[in-house]
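Visitor: Below is one structure. I have some questions about it.
The values are calculated or read from the model by the stated rules, or taken from the named source; none is laboratory data. No experiment lies behind these values; they were computed from the predicted model shown. Counting neighbours? That spans all protein chains shown, and the Cβs are built from the backbone with ideal geometry, glycine included. Heavy atoms of the whole protein, side chains included, go into the accessibility calculation; ligands, DNA and RNA do not. Shrake-Rupley method; radii C 1.70, N 1.55, O 1.52, S 1.80 Å.
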Amino acid sequence: MKLHHLRNATLVIETETDVILVDPMLGKRKTIPPFTIFRYKPHRNPLVALPKNTRDILSRVTICLITHLHTDHIDKAGEVFLRRKSIPVICSAKDENALSARGLNILQTLNYWEPQEFLGGKIIGIPAIHGYGFIAKLMGNVMGFYIELPNEKSIYISSDTVFTEHVQKVLVEFKPEIAVVACGTARLDIGQPLLMRMNDILKFVALAPKYILANHLEALNHCPTKRSELRLALEENNLLDKVSIPEDGEIVLY
């Protein structure tokens, strides 16, 4: 299995038979307004361009997973790409109407914890709680995905979540061989972080049985955590060996 990390949470999972796009934010730099004005500098998003190898990877995409509706996961350019190529989309049942209204080709919808057939294997929608405290309610529903495919390592895309009993259950009971975790510790101008704080990232990594891929880093104005800070914290806790922190455009082989 090859994981192509493009930018932020946009990821391509390449198997022997399929090329699965996850959360396509495909717009140019500065096409999305700032997510914070006061807490962090109000730069427009994304802060960085897509890597040069993006077009080649996207040309091979066969199916798309969307975890939730925020613009840093599915933007206008992502919608245009999916519409133009009629890429089949899999999403939460709660997002089906909104995505259908945008003209996307919804192939399959998931409810939390209900396994469904997927590309000859199975997929399970996992609850994701997008923030600590009251802010999670404002963020709306988010779905992670646990995927098992024939002759491939199992993978858990935890999506935009803090550390919860749901996350713990997947790591401990399903034992995914690859776990993807959002590490940017995003914050708005109000409320607590929207993603795991460092202590919870470390807990996630410690509990994950095998490999971890860290994403949602250094692409948005409300995500302060740097790759270098994450690397240092993992190193200090003897956890770095398990974790890939790819640069944009990097391919990680599993």
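Visitor: Going by average Cβ density within 10 Å per residue, which order do the peptides 240-252, 175-187, 156-168, 10-22 take, highest to lowest? It would help to have the intermediate numbers written out before the result.
Guide: On the way: 240-252: 15.7, 175-187: 23.9, 156-168: 22.0, 10-22: 19.9.
Taking the mean over residues of other Cβ atoms within 10 Å, the ranking is 175-187, 156-168, 10-22, 240-252.
Visitor: While we're looking at this one, here's another question. What list of ³J(HN,Hα) couplings, whole Hz, do you get for region 97-109 from phi and the Karplus terms 6.51, -1.76, 1.60, once you set θ to phi - 60° and write x for glycine and proline?
Guide: Along region 97-109, the couplings run 4, 4, 6, 4, 5, 8, x, 7, 8, 7, 8, 8, 10 Hz.
Visitor: Provide the per-residue ³J(HN,Hα) series for region 63-80, in order, calculated from phi with Karplus coefficients 6.51, -1.76, 1.60 and θ = phi - 60°, each as a whole number of Hz, with x at glycine and proline positions.
Guide: Ordered by residue, 3J(HN,Hα) equals 7, 9, 10, 10, 7, 6, 9, 5, 5, 7, 10, 8, 9, 4, 5, x, 4, 4 Hz.
Visitor: Does the chain come out rounded, prolate or oblate by the C-alpha gyration tensor, with a ≥ b ≥ c the root eigenvalues, rounded set by a/c under 1.5 and, if not, prolate when a/b is larger than b/c and oblate if not?
Guide: Because its axes are fairly even, with a/c under 1.5, the chain counts as rounded.
Visitor: Sort 127-136, 142-151 by packing, meaning the average of other beta carbons within 10 Å per residue, with the highest value first.
Guide: So the order, starting with the most tightly packed, is 142-151, 127-136.
Visitor: Sticking with this structure for a sec: Amide H neighbours of ASP248 under 5 Å, counting only residues 5+ apart in sequence or on other chains, H built in-plane at 1.01 Å?
Guide: Counting only residues 5 or more places away or on other chains, the set is empty.
Visitor: Can you flag which of LYS94/LYS169; LYS52/LYS153; LYS169/LYS210 are past 24 Å Cα-Cα?
Guide: Long pairs (Cα-Cα over 24 Å): LYS52/LYS153.
Visitor: At 1.4 Å probe radius, can you tell me the per residue accessible area of the chain in Å²?
Guide: 43 Å²
Visitor: Decide, for region 1-138, between rounded, prolate and oblate: order the square roots of the alpha carbon gyration tensor eigenvalues as a ≥ b ≥ c, take rounded if a/c falls under 1.5, and otherwise choose prolate if a/b is larger than b/c, else oblate.
Guide: Oblate.
Visitor: Check GLY144: other-chain or 5+ apart residues with amide H under 5 Å from its amide H, H built from backbone geometry?
Guide: HN-HN under 5 Å from GLY144: ILE126, ALA128.
Visitor: Heavy atoms only, probe 1.4 Å: what % of the accessible area of the chain goes to carbon and sulfur, would you let me know?
Guide: Carbon with sulfur: 51 percent of the solvent-accessible area.
Visitor: Moving on to the next point. Given the -39500 (n - 2.57) contribution per DSSP H run of 4+ residues, what per-residue ellipticity at 222 nm results for the chain, rounded to the nearest 500 deg cm²/dmol? Provide the component values of the computation, followed by the final result.
Guide: Numbers: 7 runs with 50 residues, N = 254.
When only DSSP H runs of four or more count, the value is -5000 deg cm²/dmol.
Visitor: Between THR161 and residues 5 or more places away or on another chain, which pairs have amide H atoms under 5 Å apart, with H built 1.01 Å from N, and which residues are they?
Guide: Sorted by chain and number, the residues that satisfy this are ALA182, MET196.
Visitor: Return the aspartates and glutamates within reach of LYS242: Cα separation strictly under 15 angstrom, same-chain partners fewer than 8 residues apart disregarded; answer none if there are no such residues.
Guide: GLU177
Visitor: Still on this structure: As a test question: what accessible area, to the nearest 10 Å², does HIS70 have when a 1.4 Å probe is rolled over all protein chains in place?
Guide: 50 Å²
Visitor: Next question, about the same structure. Taking square-rooted eigenvalues a ≥ b ≥ c of the alpha carbon gyration tensor, is region 116-239 rounded, prolate or oblate, where a/c under 1.5 means rounded and, failing that, a/b exceeding b/c means prolate?
Guide: Here region 116-239 falls in the oblate category.
Visitor: Let me ask you something else. For LYS85, which lysines qualify as cross-link partners when the Cα separation must be under 16 Å and same-chain residues fewer than eight apart are set aside?
Guide: Counting by Cα, and skipping residues close in sequence, LYS85 has these lysines nearby: LYS76.
Visitor: Now for a separate question. What are the ³J(HN,Hα) values, in whole Hz, obtained from phi via the Karplus relation 6.51 cos²θ - 1.76 cosθ + 1.60 with θ = phi - 60°, for each residue of region 14-30 in sequence order, with x given for Gly and Pro?
Guide: 10, 10, 4, 10, 9, 10, 9, 8, 10, 6, x, 8, 10, x, 6, 3, 6
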